[in-house]
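The next block holds one structure in the form of structure tokens; read it before the comments.
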Amino acid sequence: MKNILNKADEFSRRRFVTQAAKAFLGVSILPWAMPKQAKAAGLGLNRPLNHAPKARNVIYLYMSGGMTHIDTFDPKPGTETGGPTTAIKTNADGVQLAENLPLLANHADKVAVVRGMTSTKGAHQQGNYFMHTSYAPRSTIRHPSMGAWMTRLDERSNPTLPGAVVVSGGSQHPLAGFLPSSHQPLAIGKPDEGLRNSRMHSGVTEEEFKKRLSLADQFDKGFREKYNLKKVRAYSDMYADAVRLMKSGDLEAFDIDKESEETRQAYGEETFGQGVLLARRLVERHVRFVEVQLGGWDTHQLNFDKAPERCAILDQALAALLGDLDKRGMLDETLVVLATEFGRTPNINVNLGRDHYPKAFSSMLAGGGIRGGQVWGKTDPEGREVVDQRVEIPDFNATIAYALGLPLDEIVYSPTRRPFTLADKGQPLTRLL
């Protein structure tokens, strides 16, 4: 038994210890080992927990600006609102996509299209924040994003690498919110630049580097002892993490030049495609959550020129990712998410564009135990209203957490002692798995 536990990964060992404690001692030592219908005290929640999740990691593709649902995942050909966009068949029976996603159509058997998305936030900043956190923005608090929640509730898989990474996320990303800095996702600007400032300067020897670290430690020692606070300790921990990563072979995970030219071309030459390739490399090294953003979806003008351009970038990268993960045997444990803050108006404006439309839009899930080849939710024939299987943003985020086996009802307190849970009061769409 000892040998078996030594060979298991950290997640499996913790799960075994928890279940053993529950069976032999009658206690639960980890929050995700609570009974299936456990309640969070004081919040009145009663949500299921996935005791046998397949997903271990997440690649989260965020379409910044509000992706048009009618020209991507919910086409309405032959209608006035559908415009010139036609629908195409896919390799999954009964699933159609817009003509702008021809490569993804060959992977529809791996995908669950969620057409019943709806939100109450029709402005970019508020909608973006809501999708990332499940909470409305407030001036007094910053809520954590999903990647930060993931490392807070289930820790890192690779102690050397960051638990979460955000590629091209912009300054508005909530990152760790009110959680400690140890849960802060690493923000990367350009995926093809690797991890910047991660190597010693030329001419600095290992011995000289150690002397500099020792000197800095001596300077800081008195301050740390006088102010033994969480934020001060976190600053020291950040230095330790950075040095450990600098000396680790895992640093190569950030170098997409290690990939063949054929593979890099398959994902596309755009920054987004190379970011998605970087995401695949990072989850291979057990980074739990990697987000990659693709902007340019705010198509108030010339929607039928701009949307196909965005779709071509997305289509190539997403199709390459799904095929790559499948070929490498990683799709079952990697949940691929595609999300956006809202949709675009069914009505076409005078500038041949579509405006903001939170009332109905689409998202997508694949891998990580998701049953592919299905559509969840339905809008009316013109794409104006959700008429079946309505999905609010906290429900969508709760579904991601459920697929990962994260504890939806565990309460985490903000610095002001206010209680929060992952995905607020969202209910997971358990039938998607």
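Conditions first: (1) modelled with pLDDT under 95; (2) under 28 Å from VAL375 (Cβ atoms). ASP154 passes all but one, so which condition is the exception?
(2)
Which residue pairs have Cβ atoms under 6 Å apart, sit 6 or more places apart or on different chains, and have a first residue in region 413-433 that is over 19 Å from VAL375 (Cβ atoms) and a second that is assigned to a helix (DSSP H, G or I) and of a type in the set (Phe, Trp, Tyr)?
Qualifying pairs under 6 Å: LEU422/TRP149.
Okay, residues lined up against (1) among the aliphatic types (A, V, I, L, M); (2) touching a strand residue (DSSP E or B) at 6+ places or on another chain (Cβ under 7 Å):
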site: THR140; (1), (2): no, no
site: VAL166; (1), (2): yes, yes
site: LEU179; (1), (2): yes, no
site: PRO185; (1), (2): no, yes
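Quick one: which of LEU302, LEU331, LEU325 is touching a residue at least 12 places away in the same chain (Cβ under 8 Å) and on the phi > 0 side of the Ramachandran plot?
LEU302
In region 30-44, how many residues are under 24 Å from the mean Cα position of the chain (by Cα) and either within 23 Å of HIS132 (Cβ to Cβ) or modelled with pLDDT of 50 or more (or both)?
2
Tell me, please, whether a residue that is hydroxyl-bearing (Ser, Thr, Tyr), at pLDDT 95 or above, closer than 28 Å to GLY405 by Cα and crowded, with 20+ Cβ neighbours inside 10 Å can be found in region 160-174.
Looking for residues that are hydroxyl-bearing (Ser, Thr, Tyr), at pLDDT 95 or above, closer than 28 Å to GLY405 by Cα and crowded, with 20+ Cβ neighbours inside 10 Å, one finds none in region 160-174, hence no.
Do we find a residue being under 29 Å from ALA253 (Cα atoms), part of a strand (DSSP E or B) and of a type in the set (S, T, N, Q) anywhere in region 310-321?
Within region 310-321, not a single residue is under 29 Å from ALA253 (Cα atoms), part of a strand (DSSP E or B) and of a type in the set (S, T, N, Q).
Is there a residue being aromatic (Phe, Trp, Tyr) and in contact with a Lys or Arg (Cβ under 8 Å, 6 or more places away or on another chain) anywhere in region 168-179?
yes
Filter region 310-359 down to the residues that are among the charged types (D, E, K, R) and within 22 Å of SER134 (Cβ to Cβ), then identify the one that is surrounded by the fewest Cβ atoms within 10 Å (Cβ to Cβ).
Here the answer is LYS359.
Here is a check on your reading of the model: is GLU385 charged (D, E, K, R), more than 30 Å from ALA320 (Cβ to Cβ) and touching a Phe, Trp or Tyr at 6+ places or on another chain (Cβ under 9 Å)?
Considered against the rule, which asks whether it is charged (D, E, K, R), more than 30 Å from ALA320 (Cβ to Cβ) and touching a Phe, Trp or Tyr at 6+ places or on another chain (Cβ under 9 Å), GLU385 comes out as no.
Residue by residue, here is whether (1) free of Cβ contacts under 8 Å to residues at least 60 places away in the same chain; (2) farther than 19 Å from VAL337 by Cα holds:
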site	(1), (2)
THR68	no, no
ILE88	yes, yes
GLY94	no, yes
PRO102	no, no
ALA105	yes, no
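Suppose we filter region 367-409 for residues that are without any contact (Cβ under 8 Å) to a residue 40 or more places away in the chain and not acidic (Asp, Glu); how many remain?
Summing the residues that are without any contact (Cβ under 8 Å) to a residue 40 or more places away in the chain and not acidic (Asp, Glu) in region 367-409 gives 2.
Report whether or not PHE304 is part of a helix (DSSP H, G or I), in the same structural domain as SER171 (by TED's automatic domain parsing), at pLDDT 95 or above and more than 23 Å from the chain's Cα centre (by Cα).
Spelling it out, PHE304 is indeed part of a helix (DSSP H, G or I), in the same structural domain as SER171 (by TED's automatic domain parsing), at pLDDT 95 or above and more than 23 Å from the chain's Cα centre (by Cα).
The values are calculated or read from the model by the stated rules, or taken from the named source; none is laboratory data. Source: prediction; values computed, not measured. Quick reminder, even Gly has a Cβ in these numbers, built from the backbone with ideal geometry, and neighbours come from all protein chains shown.
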